Amino acid sequence: MLIKVKNPADVTENDVTDAQLFAQRRSFIRASGQIALGTALGTLFTPSIVDARGQPLKAKKNTRFNTSETLSSYQDVTSYNNFYEFGTAKEDPAINARHFKAQPWTVKVDGAVNKPGNYAFEDIINLNQLEERIYRFRCVEAWSMVVPWVGVSLASFINQFQPSSKAKYVEFTTLYDPKRMPGQNRAVLNWPYVEGLRMDEAMHPLSMMVVGLYGEVLPNQNGAPLRLMVPWKYGFKNIKSIVRIRFSEHQPKNTWQIAGPKEYGFYANVNPQVDHPRWSQKRERRLGEFLKRETLMFNGYADEVASLYQGMDLRKNF
Ligand code: MTE
């Protein structure tokens, strides 16, 4: 992962545009495009045949999990991404994932679970019971953002498959399809991308399975159609475009740990006291801001999650 620090001269008008205005402008542009094309063809397009990206999602605001910090701009959240399946530069995923089709989508559930199977996305995500949670998100590369994520609690998502008592860990795998994910044609990582959580981390009320952001369907570059959000951990734990969920007795090996075992661990809890071997983790740059800010223990969620790691040496279990 490379660090790119935003320079004040790089700030565009969109960086200072309020998200709602930006979204309205986008849907206006989209609508006017449809009308122009529709008129040319002598008909008007109906929303059902418009690409699902950008479609609004109904979600209840969860006030328990919230922050009053300023939201990062929609533009930053959807154009400054890490998604190596679509290229290694921050701007690559928004460009290269443009035509990715995230529907239909099937998730394989297996391992130590009472209800294994191949499930259609629609059968495991109830779009009528989504919630919005505003979380801080801190990348291991020392930049951060604040995002209104839309999804369900990971615990409720997992419970529908009834993990057995042997399930001590849960492993998530991203789609492997080099034709659709061109970055997989280069051996930059051990494909497919894999991540894992201890069961108590996965079942913690803060952990989320995400299907949208900013009130709309998850853009491809952010991991459509479903990705993790575990806000007290470094960003790389939040695996995108998940196709497999496996429950096991043993701790899985996650992709970044395989790529650099001295630099990236299994736990990856945000910790300003444990530096990355090549850079400090004490401070971070919030996207859209110029001055760095202090990084908070467990990304500011210590009251909720510190007890999960009681008695563990967090320097060893980084
Ligand atoms: N998931 C997959 N499959 N591939 C990736 O390259 N990058 C991770 C994580 N999930 C990544 C992934 C990293 S390093 C980060 S910081 C976050 O996604 C970035 O999420 P965002 O682009 O939505 O900000």
Selection count, the stretch 60-88, where residues are modelled with pLDDT of 90 or more and under 17 Å from the mean Cα position of the chain (by Cα) | 18
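Just checking, how many residues over the stretch 70-112 are charged (D, E, K, R) and either surrounded by fewer than 15 Cβ atoms within 10 Å (Cβ to Cβ) or closer than 30 Å to GLU249 by Cα (or both)?
Keep residues of the stretch 70-112 that are charged (D, E, K, R), which gives 76, 85, 90-92, 98, 101, 108, 110.
Imposing the further condition that a residue be either surrounded by fewer than 15 Cβ atoms within 10 Å (Cβ to Cβ) or closer than 30 Å to GLU249 by Cα (or both) reduces the set to 85, 91, 98, 101, 108, 110.
Of the residues in the stretch 70-112, 6 are charged (D, E, K, R) and either surrounded by fewer than 15 Cβ atoms within 10 Å (Cβ to Cβ) or closer than 30 Å to GLU249 by Cα (or both).
So in the stretch 73-94, with the set limited to residues that are part of a loop (DSSP other than H, G, I, E, B) and out of contact with any Ser or Thr (no Cβ under 7 Å at 6 or more places or on another chain), which one is farthest from the ligand (Cβ to nearest atom)? Even if it seems obvious, please write down each step before you answer.
Pass one, the stretch 73-94, residues part of a loop (DSSP other than H, G, I, E, B): 73, 80-83, 87-91.
Of the ones still in play, those that are also out of contact with any Ser or Thr (no Cβ under 7 Å at 6 or more places or on another chain) are 80-83, 87-90.
Working: TYR80: 7, ASN81: 3, ASN82: 4, PHE83: 5, GLY87: 10, THR88: 8, ALA89: 12, LYS90: 8 Å.
Among those that are part of a loop (DSSP other than H, G, I, E, B) and out of contact with any Ser or Thr (no Cβ under 7 Å at 6 or more places or on another chain), it is ALA89.
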Considering the stretch 256-272 alone, what residues qualify as being over 28 Å from ARG293 (Cβ atoms) and crowded, with 22+ Cβ neighbours inside 10 Å?
-> none
Examine the stretch 221-236 for a residue that is crowded, with 17+ Cβ neighbours inside 10 Å and more than 16 Å from the chain's Cα centre (by Cα), and state whether such a residue exists.
-> no
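Go through the stretch 246-262 and report how many residues are within 11 Å of the ligand (Cβ to nearest atom) and of a type outside the set (Val, Ile, Thr).
So the first thing to find is which residues in the stretch 246-262 are within 11 Å of the ligand (Cβ to nearest atom), and the list is 254-256, 259.
Cutting the leftovers down to of a type outside the set (Val, Ile, Thr) gives us 254, 256, 259.
Within the stretch 246-262, residues that are within 11 Å of the ligand (Cβ to nearest atom) and of a type outside the set (Val, Ile, Thr) number 3.
Identify the residue in the stretch 163-212 that is among the small types (Gly, Ala, Ser) and surrounded by fewer than 16 Cβ atoms within 10 Å (Cβ to Cβ) and, among all such residues, is nearest to the ligand (Cβ to nearest atom). Explain how you work it out, then say what you get.
Our first condition is that a residue be among the small types (Gly, Ala, Ser); within the stretch 163-212, this holds for 164-165, 167, 183, 187, 196, 202, 207, 212.
Cutting the leftovers down to surrounded by fewer than 16 Cβ atoms within 10 Å (Cβ to Cβ) gives us 164-165, 187.
Working: SER164: 27, SER165: 30, ALA187: 14 Å.
Per the criteria, the residue is ALA187.
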Can you find a residue in the stretch 122-141 that is buried (at least 22 other Cβ atoms within 10 Å of the Cβ), assigned to a loop (DSSP other than H, G, I, E, B) and either on the phi > 0 side of the Ramachandran plot or at pLDDT 95 or above (or both)?
-> no
Only one residue in VAL147, VAL109, VAL152 is away from the ligand (no atom under 16 Å from the Cβ), assigned to a strand (DSSP E or B), modelled with pLDDT of 95 or more and under 16 Å from the mean Cα position of the chain (by Cα). Which one?
-> VAL152
Which pairs do you get when a residue that is more than 9 Å from the ligand (Cβ to nearest atom), found in the stretch 225-245, comes within reach of a residue that is basic (Lys, Arg), reach meaning Cβ atoms under 7 angstrom, with the pair 6+ apart or on two chains?
-> VAL230/LYS237; PRO231/ARG136; VAL243/LYS108; ARG244/LYS108
When you go through ALA52, ALA97, ALA19 one by one, which is the residue that is under 28 Å from LYS237 (Cα atoms), at pLDDT below 50 and in contact with a helix residue (DSSP H, G or I) (Cβ under 8 Å, 6 or more places away or on another chain)?
-> ALA19
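The values are calculated or read from the model by the stated rules, or taken from the named source; none is laboratory data. Note that the coordinates shown come from a computational prediction; the quantities given were computed from them, not determined experimentally. When we count neighbours, we look across all protein chains shown, and the Cβ atoms used for this are built from the backbone with ideal geometry, even at glycine.
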